[in-house]
Amino acid sequence: KKSLDESSPAAGILLKTIKAGDIINYPQKGDRCTIHYEAYTEEDMYNSENPTPFDSSWKRGQVFHFRLGENQVIEGLDVAVSKMSLGEKVEATIPFPYAYGVAGYPPVVPPRANLIFRVELIQFSPSA
């Protein structure tokens with residue numbers, strides 16, 4: 001089991017800030033996080049004239065909740081959100097080992113697909 005610290009191989013996940021957060025409040029392992037996101041394969045994002053997310057909470061019009069660091073989402077999303085401050089929006093490039101791995105998630109995500117997630121950390125609260 002990998003930890004969410006800088007020594008983790010997952011620290012290679014790239015985050016590009018789209019909108020700065022408060023740079024004060026960061027979620028901790030076990031916190032209930034509320035995010036909006038859209039997910040693309042890297043290939044679609046960079047090789048398509050009109051990239052289409054394969055999943056999007058924005059399109060559904062419903063925020064997504066999960067507990068940080070408790071394997072409720074792909075590892076790369078756990079790592080990305082752990083590095084975000086409240087209100088921050090990022091574009092995270094997630095290598096396939098921290099996404100759906102060698103197998104992918106057919107038919108939506110091909111084998112060995114790196115993913116791009118646009119994520120906004122709306123709020124978080126400590127686990128009860």
- request: Would you work out what percent of the accessible area of the chain, with all protein chains in place, is carbon or sulfur (probe 1.4 Å)?
  value: 50 percent
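Starting from the residue with the highest accessible area, list 29, 89 in decreasing order, probe 1.4 Å. Don't skip to the end; give the middle numbers.
On the way: 29 135, 89 55 Å².
Correct descending sequence by accessible area is 29, 89.
Please state the relative contact order of the chain as a whole percent: Cα pairs under 8 Å, 6+ residues apart? Before the final figure, lay out the partial values.
Values: 286 pairs, mean separation 45.6, N = 128.
Relative contact order of the chain: 36 percent.
Could you compute the net charge surrounding residue 110? Neighbours are other residues with a C-beta less than 12 Å from the C-beta of residue 110; K and R count +1, D and E count -1. Write out the running numbers ahead of the final one.
Numbers: positive: 112; negative: 42, 43, 44.
Summing Lys and Arg as +1 and Asp and Glu as -1 gives -2.
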- prompt: When all protein chains stay in place, what accessible area (Å², nearest 10, 1.4 Å probe) is found for residue 93?
  reply: 30 Å²
query: Reachable aspartates and glutamates from residue 59, Cα under 12 Å, same-chain residues fewer than 8 places away excluded?
result: 38
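Arrange the residues 37, 26, 46 by how much accessible surface each exposes, largest first, with a 1.4 angstrom probe.
Details: 37 15, 26 85, 46 135 Å².
Ranked list, largest accessible area first: 46, 26, 37.
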field: Calculated FRET efficiency for the pair residue 112/residue 17, C-beta based, R₀ 22 Å, to 0.05
entry: 0.20
task: Give me the distance between the Cα centres of segment 87-112 and segment 17-64, rounded to whole Å.
output: 12 Å
query: In straight Cα distance, which aspartates and glutamates are under 16 Å from residue 83, not counting same-chain residues fewer than 8 positions off?
result: 5, 6, 22, 31, 70, 75, 91, 120
- line: Karplus ³J(HN,Hα) for segment 60-75 (6.51 cos²θ - 1.76 cosθ + 1.60, θ = phi - 60°; Hz, whole; x = Gly/Pro) runs 6, x, 9, 5, 10, 10, 7, 8, 5, x, 10, 6, 8, 9, 4, 4
task: Averaging sequence separations of C-alpha pairs under 8 Å and six or more residues apart, then dividing by the length of segment 63-123, give the relative contact order as a whole percent.
output: 33 percent
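Heavy atoms only, probe 1.4 angstrom, no DNA, RNA or ligands counted: give me 66, 124 ranked by accessible area, highest first.
On the way: 66 5, 124 55 Å².
So, going from the largest accessible area down, we get 124, 66.
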message: Using a 1.4 Å probe on the protein heavy atoms only, what accessible surface does residue 55 show? Give it in Å² to the nearest 10.
response: 50 Å²
task: Quick one: accessible surface of residue 83, probe radius 1.4 Å, all protein chains present, in square angstrom to the nearest 10.
output: 60 Å²
- line: Once amide hydrogens are built 1.01 Å from N within the peptide plane, the residues lying 5 or more places from residue 54 or on another chain with amide H under 5 Å from its amide H are 39, 40, 41
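The values are calculated or read from the model by the stated rules, or taken from the named source; none is laboratory data. Everything quoted here is computed from the prediction, not taken from an experiment. Quick reminder, even Gly has a Cβ in these numbers, built from the backbone with ideal geometry, and neighbours come from all protein chains shown. Keep in mind that these areas ignore ligands, DNA and RNA; they rest on the heavy atoms of the full protein, side chains included. Shrake-Rupley method; radii C 1.70, N 1.55, O 1.52, S 1.80 Å.
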